[in-house]
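Read through the structure below, which is laid out as structure tokens, and then see the notes.
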Amino acid sequence: MSLAPGSTIGIIGGGQLGRMLAMAAARLGYGTIVLEPQADCPAAQVANRQIVAAYDDPAALADLAAACAVVTYEFENVPVAAAEMLAATVPVYPPARALDAAQDRLTEKSFLNGIGIPTAEFCPVDNDEQLTEALKKFDGSGVLKTRRMGYDGKGQRVFRNMETGGFAGVCEAMGNVPLILESLVAFEREISVIAARGLDGAVAAYDPAENVHREGILRTSTLPAGIGLQTASAAKEAAAKILTALDYVGVIGVEFFVLADGSLLVNELAPRVHNSGHWTEAACVVSQFEQHIRAVAGLPLGSPLRHFDCVMENLIGDDMLKVPALLKELELVLHLYGKAESRPGRKMGHFTRLVRPK
Ligand code: AMP
């Protein structure tokens, strides 16, 4: 059953992703209510209403469930208990199971390997002794990450050809939380696939984007990625397999490492619209945001067909100073998030530069 025009969609999280979801929902004739503790957040500026409360506030969740025909979210750290509480009275998409799989890097990698999708090798690490043992296993190199709540490279430490000892205090410095050591992958490039699954089980995948990160933050996504057709198909197939295994509804972002021989390892899943898919609003028939709204509203998925080659670039902190010059470029789509204050590392907007065939 699809949502009737005029129905209301709940969005947990009020950042730029929620904002772009609310805008896409409005274009399809739906209203939105955003649940977000920070008042006047980017999403609330374009939504019909904001509930200003914590994501796990029971009264706020009850209010959201009563006012909405379906609830979705813009970030993966929505408390699973909150999603389950909502799901008792209103459909919640993507399903709470996807949150569960994506919130903990150990669960995520075990799930992926369980359905035959390779990842970097990994070892759970809870103390310095386990770190010493795990680093020995990976020849002294690896990436130590917090299992939960890591994003944009936060909560990570890289070890390269280290001696296999002398790690006293490392786990404490990481906050004494459960950790995971991943083998250090010598990847040739990083790509991501944005894909969607509809309520009817149909799957649509966009072309893989090639992503460049600096200081753990995505800087650019380039289309097409510098990969062969076989690698591109394999990435799309892996995303489809993940969506089906999770009985997923909505858009997912799947990040991959591409190795020298063109083979793929999944780095991580984002059970939501994703920064590396922002180019779809400028270069595709249907953007990732509309695709997500279509999926959660039970509408048929749109085409992920891409009209243009393009490069999406994030505007981070002082990059906002470039805006006047960017506005003079004719084949450039600018999107700003309505954040009043620019701070170092803060995502303020993005732009997509279209690249016409010569
Ligand atoms: P993540 O937060 O897991 O997406 O990691 C942020 C960035 O760190 C990735 O986009 C990679 O550039 C790098 N990175 C993460 N894990 C690994 C790994 N196991 N081996 C090599 N580089 C990694």
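Only one of the listed residues (Val80, Val46, Val70) is open to solvent by 20 Å² or more (accessible area, probe 1.4 Å), over 30 Å from Phe351 (Cα atoms) and under 22 Å from the mean Cα position of the chain (by Cα). That residue is Val80. I need the full set of residues from the range 236-288 which are under 14 Å from the mean Cα position of the chain (by Cα) and among the charged types (D, E, K, R), in order please. Selection gives Glu255, Glu268, Arg272. Selection of the range 110-160 for residues being within 13 Å of the ligand (Cβ to nearest atom) and among the basic types (Lys, Arg) yields Lys145, Arg147, Arg148, Lys154, Arg157, Arg160.
Just to confirm my filter: which strands (runs of 3 or more DSSP E) fall fully inside the range 181-220 and include at least 3 residues that are more than 12 Å from Val254 (Cβ to Cβ) and either open to solvent by 20 Å² or more (accessible area, probe 1.4 Å) or at pLDDT 95 or above (or both)? Give the derivation first.
Numbers: elements: 189-197, 203-205, 209-214.
Because the criterion is at least 3 residues that are more than 12 Å from Val254 (Cβ to Cβ) and either open to solvent by 20 Å² or more (accessible area, probe 1.4 Å) or at pLDDT 95 or above (or both), the strands (runs of 3 or more DSSP E) in the range 181-220 that meet it are 209-214.
Based on what the data block shows, is Phe167 within 14 Å of the ligand (Cβ to nearest atom) and aromatic (Phe, Trp, Tyr)? Spelling it out, it is not the case that Phe167 is within 14 Å of the ligand (Cβ to nearest atom) and aromatic (Phe, Trp, Tyr).
Can you report the number of residues in the range 221-262 which are part of a loop (DSSP other than H, G, I, E, B) and in contact (Cβ under 8 Å) with a residue 60 or more places away in the chain? Steps first, please.
Step one: filter the range 221-262 for residues part of a loop (DSSP other than H, G, I, E, B), giving 224-228, 246-249, 259-262.
If we keep only those that are in contact (Cβ under 8 Å) with a residue 60 or more places away in the chain as well, we get 224, 246-249, 259-260.
The qualifying residues number 7.
Scanning the range 134-166 for residues that are small (Gly, Ala, Ser), within 18 Å of Pro178 (Cα to Cα) and at pLDDT below 90 returns Gly150, Gly153, Gly155. All of Gly250, Gly226, Gly262 fail the test of being at positive phi, assigned by TED's automatic domain parsing to the domain that holds Pro304 and surrounded by fewer than 20 Cβ atoms within 10 Å (Cβ to Cβ), apart from Gly262.
Exactly one residue among Met23, Met1 is modelled with pLDDT under 95 and not assigned by TED's automatic domain parsing to the domain that holds Ile316, and that residue is Met1. Only a single item in (1) surrounded by 18 or more Cβ atoms within 10 Å (Cβ to Cβ); (2) free of Cβ contacts under 8 Å to residues at least 24 places away in the same chain; (3) not in a strand (DSSP E or B) is not met by Asn176, and it is number (1).
The values are calculated or read from the model by the stated rules, or taken from the named source; none is laboratory data. Remember, it's a predicted structure, so these values are computed and weren't measured experimentally. No Cβ is skipped: glycine too gets one built from the backbone with ideal geometry, and neighbour counts run over all protein chains shown. Note: accessible area is taken over every heavy atom of the protein model, side chains too, but ligands, DNA and RNA are not part of it. Shrake-Rupley method; radii C 1.70, N 1.55, O 1.52, S 1.80 Å.
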